[in-house]
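To start, the structure itself, in structure tokens.
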């Protein structure tokens, strides 16, 4: 254990009002018919994957196993002005018009329920508060436990269960209102953060780095050659990963790409789009709890070196509730001061134990 740090977990019960239920009547129209046709073609009963139980699992585990130095703080709602730094006025008007209704927003099954618009406002506002707390010094590090997630949301479109781009709203708030000129965002969710990339595509003051499972995995973007454009050419960095990639490869990418990029960029603030569907139980990649702890230690080192430790994390994906809650818990322990262990190859410890058990029988001499 290194020096204990002051960590705030931000959680607001209002985000749990986002709860699309397929059995509920949705606004009729062409999109509704198309989505129903897609769901009808599935071999299994489909439920909305991004559900309130995700956050309940995280908060329940934290209550059962408290971490010294970690405290819970309430969230807040984002204003129209804060959201409009990222999303167009027409898009916001369209989303606000759905307040109190059930509706499909995209054929990838993104939807809203009656409480979703307020939940999304609170998710984005809570990400803003996470940034405000680390900039003001109220906390050394913060973790916004929010939903709906945000990194797929584009300026004019909801996608991938995301309505507002929470991390982008937080980053632009830091730049516009808090004097954080240069913001670095690392997205380690298994899915590429297409929305965040789109928002900062030509922005030289935001370094966006995304480590994700390579296309054609959803959403199919994030190739090596996607590096930004105009004044922002070079401030978008994509690290596409092969299926089955685990801790050691991801740590190598962090140490040999992300750390040098941060040294070059010299951020005033570090944000993490912290999705946990890269855990092996979520079947997208092969990360472990120790892996997420190690990733956190590397990002913490970047923040300590360049910006007085200003590090804020915002929850993205992660749909297996056991791996999600335990992964977040592992991250919080490192944020609070625990030194992460170096993870080994998956299964190596068990094989070494088997070697120790069996090998003497083959090598004993008379």
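The condition of being over 15 Å from the mean Cα position of the chain (by Cα) and at positive phi holds for residue 337. Would it be correct to say that residue 142 is under 26 Å from residue 291 (Cα atoms), in a helix (DSSP H, G or I), touching a helix residue (DSSP H, G or I) at 6+ places or on another chain (Cβ under 6 Å) and modelled with pLDDT of 95 or more? Criteria not met by residue 142. Hey, could you check the stretch 208-217 for residues that are farther than 22 Å from residue 87 by Cα and in contact (Cβ under 8 Å) with a residue 12 or more places away in the chain and say which is surrounded by the most Cβ atoms within 10 Å (Cβ to Cβ)? Here the residue is 212.
Please count how many residues of the stretch 269-292 are part of a helix (DSSP H, G or I), surrounded by fewer than 24 Cβ atoms within 10 Å (Cβ to Cβ) and touching a strand residue (DSSP E or B) at 6+ places or on another chain (Cβ under 8 Å).
Initial filter on the stretch 269-292 (part of a helix (DSSP H, G or I)): 280-282, 289-292.
Those left that are additionally surrounded by fewer than 24 Cβ atoms within 10 Å (Cβ to Cβ): 280-282, 289-290.
Filter once more, keeping what is touching a strand residue (DSSP E or B) at 6+ places or on another chain (Cβ under 8 Å): 280, 289.
Counting residues in the stretch 269-292 that are part of a helix (DSSP H, G or I), surrounded by fewer than 24 Cβ atoms within 10 Å (Cβ to Cβ) and touching a strand residue (DSSP E or B) at 6+ places or on another chain (Cβ under 8 Å) gives 2.
Out of the residues in the stretch 145-190 meeting the condition of being part of a strand (DSSP E or B) and over 22 Å from residue 12 (Cα atoms), tell me which one is nearest to the chain's Cα centre (by Cα). Among them, the one singled out is 187. When the stretch 48-80 is filtered for residues that are closer than 18 Å to residue 124 by Cα, within 18 Å of the chain's Cα centre (by Cα) and in a loop (DSSP other than H, G, I, E, B), the ones remaining, listed by number, are 50, 51, 52, 75.
Of these, 150, 115, which one is touching a helix residue (DSSP H, G or I) at 6+ places or on another chain (Cβ under 6 Å) and surrounded by fewer than 24 Cβ atoms within 10 Å (Cβ to Cβ)? Show your work before the answer.
On the way: 150 fails: surrounded by fewer than 24 Cβ atoms within 10 Å (Cβ to Cβ).
Just a single option satisfies the conditions, and that option is 115.
Looking at the stretch 85-101, is at least one residue modelled with pLDDT of 95 or more and assigned to a strand (DSSP E or B)? No, the conditions are met nowhere in the stretch 85-101.
Quick grid of which residues meet (1) surrounded by fewer than 19 Cβ atoms within 10 Å (Cβ to Cβ); (2) in contact with a helix residue (DSSP H, G or I) (Cβ under 9 Å, 6 or more places away or on another chain):
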residue	(1), (2)
197	no, no
200	no, yes
206	no, yes
225	yes, no
238	no, yes
248	yes, yes
262	no, yes
267	no, yes
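Cβ-Cβ contacts under 6 Å between residues 6 or more apart (or on different chains), taken from a first residue in the stretch 244-260 that is within 13 Å of residue 294 (Cβ to Cβ) to a second residue that is modelled with pLDDT of 95 or more and not in a helix (DSSP H, G or I), are listed as 246/286; 247/287; 247/288; 253/211; 253/239; 258/209.
Can you spot a residue in the stretch 335-356 that is closer than 30 Å to residue 47 by Cα and crowded, with 21+ Cβ neighbours inside 10 Å? Scanning the stretch 335-356, I find no residue that is closer than 30 Å to residue 47 by Cα and crowded, with 21+ Cβ neighbours inside 10 Å, so the answer is no. Filtered by the rule that a residue be touching a helix residue (DSSP H, G or I) at 6+ places or on another chain (Cβ under 8 Å) and either outside any helix (DSSP H, G or I) or without any contact (Cβ under 8 Å) to a residue 40 or more places away in the chain (or both), the stretch 318-340 gives 318, 319, 320, 338, 339, 340. Taking the listed residues 9, 35, the one that is outside any helix (DSSP H, G or I), touching a strand residue (DSSP E or B) at 6+ places or on another chain (Cβ under 7 Å) and surrounded by 12 or more Cβ atoms within 10 Å (Cβ to Cβ) is 9, with no other qualifying. May I ask you to verify whether residue 210 is part of a helix (DSSP H, G or I) and in contact with a strand residue (DSSP E or B) (Cβ under 9 Å, 6 or more places away or on another chain)? When the stated conditions are applied, residue 210 does not pass them.
The values are calculated or read from the model by the stated rules, or taken from the named source; none is laboratory data. This is a predicted model, so every value here is computed, not measured. We place every Cβ from the backbone using ideal geometry, glycine too, and count neighbours over all the protein chains shown.
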